[in-house]
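> Structure incoming, see below.
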Amino acid sequence: MGEHDVIDLLVAQHGQIRDLFDEVEQAPPDKVAAAFERLTRMLSVHETAEEEIVHPYARRKLDNGPGVVSDRLAEENEAKRLLLDLHKAGVDDPRFWDRLGELRAAVSRHARGEERYEFARLRARTTTVERRAMAAAVRTAEALAPVRPHPGTESATGNMLKGGPLALMDQARDMIRKALGRR
């Protein structure tokens, strides 16, 4: 099934996120900003897609779905705030490495929580067809997602209302910074 199954897709992305943390931590000083940018982008689009597609489905399908999802959203909001703070301060901030460690710990806790409490139960309560459809929807949501953290949009409705405009703003900001030779 691989990445045609939403659970397999998201677990594989959790692995990619761990690899991106490693990449940032092991990058030479002149490559840290670019590596951190890749991590920021991956975390932002991954979480947006989960919030738009997976969490609403889990809320409806799982026993105590609202409670399971509420816990995941609280974790996501914490990670988004840490990521936003890191992004605003920049990689040259003297606290960058300590704060990156905090972010990694928060993201790891969140991924474990999703895999254990949400994904495993979703796999048991959904069909192959449902999981394949959700994987396609996740890929579409990721293509349209903001590439920066935006705390406060941890719901499907929030993402639907704000996600598109925020994604356009993020991309425009990136193009302007690139044109001006800034990061």
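The values are calculated or read from the model by the stated rules, or taken from the named source; none is laboratory data. Predicted model, so just to flag it, every value in this text is computed and none were measured. No Cβ is skipped: glycine too gets one built from the backbone with ideal geometry, and neighbour counts run over all protein chains shown. Keep in mind that these areas ignore ligands, DNA and RNA; they rest on the heavy atoms of the full protein, side chains included. Shrake-Rupley method; radii C 1.70, N 1.55, O 1.52, S 1.80 Å.
> Cβ contacts < 6 Å: first residue within 12 Å of L86 (Cβ to Cβ), restricted to region 96-109; second residue open to solvent by 50 Å² or more (accessible area, probe 1.4 Å) and of a type in the set (D, E), any location; separation 6+ or different chain. Result?
Taking only residues 6 or more apart or on different chains, the pairs are A106/E78.
> Pull up region 9-67, narrow it to residues that are open to solvent by 30 Å² or more (accessible area, probe 1.4 Å) and among the polar types (S, T, N, Q), then point me to the one that is farthest from D93 (Cα to Cα).
Going through the qualifying residues, I end up with N64.
> Same structure, new question: Among the candidates R131, R95, R104, which residue alone is over 17 Å from the mean Cα position of the chain (by Cα) and crowded, with 19+ Cβ neighbours inside 10 Å?
When all the criteria are applied, what remains is R131.
> Going by the conditions given, is A156 closer than 15 Å to I53 by Cβ, aliphatic (A, V, I, L, M), out of contact with any Asp or Glu (no Cβ under 8 Å at 6 or more places or on another chain) and modelled with pLDDT under 90?
No; evaluated as a whole, the condition is false for this residue.
> Which of the numbered conditions does D85 fail, given that it passes all the others? Conditions: (1) without any contact (Cβ under 8 Å) to a residue 24 or more places away in the chain; (2) surrounded by fewer than 16 Cβ atoms within 10 Å (Cβ to Cβ).
So the condition that D85 fails would be (2).
> List the number of the failed condition for E115; all other conditions in (1) touching a residue at least 40 places away in the same chain (Cβ under 8 Å); (2) buried (at least 16 other Cβ atoms within 10 Å of the Cβ); (3) farther than 19 Å from R148 by Cα; (4) not small (G, A, S) hold.
Result: E115 passes all but (2).
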